[in-house]
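Here the structure is laid out as structure tokens; the discussion comes afterwards.
The values are calculated or read from the model by the stated rules, or taken from the named source; none is laboratory data. As the structure is a computational prediction, the values presented were derived from the model and not from experiment. All Cβ positions, glycine included, derive from the backbone under ideal geometry; neighbour counts span all protein chains shown. Heavy atoms of the whole protein, side chains included, go into the accessibility calculation; ligands, DNA and RNA do not. Shrake-Rupley method; radii C 1.70, N 1.55, O 1.52, S 1.80 Å.
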Amino acid sequence: MKQLSFTFDEKESCRLDKILTKHLPSLTRSQIKMLKASLLVNGKQAKMSTKLKDGDKVDFSYKELELPTPVAEDILLNILYEDENVIVINKKQGMVVHPSISTTHGTLVNAINYYRLKKSPIKDEFSYIISEKTPLPASMDDLLRLGIVHRLDKDTSGLIITARNIKTQAFLKDEFKKHLVKKTYIALLEGIPKEKEGLIKTSIYRGKNGKFIASSNLEKGRIAISKYKVLKTYANISLVKFRIFTGRTHQIRVHAKYLGTPVLGDSIYGRASSNFSLALHAYKLELDITKKLHKTFKAKLPLRFKKVIIGYQKNYGRK
């Protein structure tokens, strides 16, 4: 068992699991919760949700997780663009971005690693790190996130840009962090928004059931801003374009529900369906790849969107 002991010395109270990620930076909050551990605050048993106060003494004994390795796997990828700095992929629905304790294989990172080593005409810096097992600089993320600078949910399809070297990864992460990347999504919504276009500005916070909630009270969580425009309607569904100005987890899905028109097939914030899956697609990315190169990428609407639209046109006609 490993031992971690520290005294919380911040003025504002904070959840224990969030503070533990600062002391164990190689692990996510979900991974920390999976540890076999003993947790004491001021000598008494505590929970991960415990709110720490200034002066609280934490004793955390835990057994290390056996983290997955990002092995190279021959999985078909839809590569839209590549150069010496980046690879741009149209991610298929159902693919997880990087390995975790619960998903060890079949991820985008596994597929990209194989592409780097076996298929790409460009041999990048990360391919040498993978093949020769070269240690990463201390400032880098672990191998599970090599080249990953942003994410999509498992059931969201569309554009992901990945870095091919340490310098580009740092540059792109900074671009995303500063909200300099223009991200546009297309979604099919259940119902039709009251206004054909608008700006949504709310806070987003996690509810007791683990789901995220949008609130007009901007002090309750983290600010989330989205802009939307209804492109077409088909009976009681609508094709809508979203541009997001912040990158909150499930932001479009939560904001679509906030409008009263959840994303079609959203089993968390709307209604699950046996006929179709989550109708959310990362359609366009506009960003600087380097300080001197600006690019725009588009990923055409996937077949699952077209099938739903054709079905509604046949049954209800087009508006």
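Overview of results
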read-out: Count - residues of segment 198-228 that are under 16 Å from Val263 (Cα atoms), charged (D, E, K, R) and in contact with a strand residue (DSSP E or B) (Cβ under 8 Å, 6 or more places away or on another chain); value: 1
read-out: Pair list, Cβ < 6 Å and 6+ apart or interchain, from segment 209-232 residues that are in contact (Cβ under 8 Å) with a residue 60 or more places away in the chain to residues that are open to solvent by less than 80 Å² (accessible area, probe 1.4 Å) and part of a strand (DSSP E or B); value: Lys232/Leu239
read-out: Filter pass, Tyr114 being open to solvent by less than 30 Å² (accessible area, probe 1.4 Å) and among the aromatic types (Phe, Trp, Tyr); value: no
read-out: Restricting segment 206-224 to residues that are basic (Lys, Arg) and touching a Phe, Trp or Tyr at 6+ places or on another chain (Cβ under 9 Å), the residue that is surrounded by the most Cβ atoms within 10 Å (Cβ to Cβ); value: Arg222
read-out: Meets criteria (touching a residue at least 60 places away in the same chain (Cβ under 8 Å), open to solvent by less than 40 Å² (accessible area, probe 1.4 Å) and outside any strand (DSSP E or B)) for Phe297; value: no
read-out: Output for segment 1-20, where each listed residue is at pLDDT below 85 and farther than 14 Å from Lys53 by Cβ; value: Met1, Lys2
read-out: Odd one out for Leu152, checked against (1) part of a loop (DSSP other than H, G, I, E, B); (2) open to solvent by 20 Å² or more (accessible area, probe 1.4 Å); value: (2)
read-out: Segment 175-205, residues that are open to solvent by 60 Å² or more (accessible area, probe 1.4 Å) and either closer than 23 Å to Tyr283 by Cα or free of Cβ contacts under 8 Å to residues at least 12 places away in the same chain (or both); value: Lys177, Lys178, His179, Leu180, Lys182, Ile192, Glu195, Lys196, Glu197, Leu199, Lys201
read-out: Residue within segment 32-41 that is free of Cβ contacts under 8 Å to residues at least 12 places away in the same chain and among the charged types (D, E, K, R) present; value: no
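Per-residue answers, yes or no, for (1) more than 23 Å from Met95 (Cα to Cα); (2) open to solvent by less than 80 Å² (accessible area, probe 1.4 Å):
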residue: Val230; (1), (2): yes, yes
residue: Arg253; (1), (2): no, yes
residue: Arg271; (1), (2): no, no
residue: Ser277; (1), (2): no, yes
residue: Lys307; (1), (2): no, no
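Conditions (1) among the polar types (S, T, N, Q); (2) surrounded by 14 or more Cβ atoms within 10 Å (Cβ to Cβ); (3) closer than 26 Å to Ser100 by Cα, marked per residue:
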{"residue": "Lys2", "(1), (2), (3)": "no, no, yes"}
{"residue": "Ser30", "(1), (2), (3)": "yes, no, yes"}
{"residue": "Leu39", "(1), (2), (3)": "no, yes, yes"}
{"residue": "Gly43", "(1), (2), (3)": "no, no, no"}
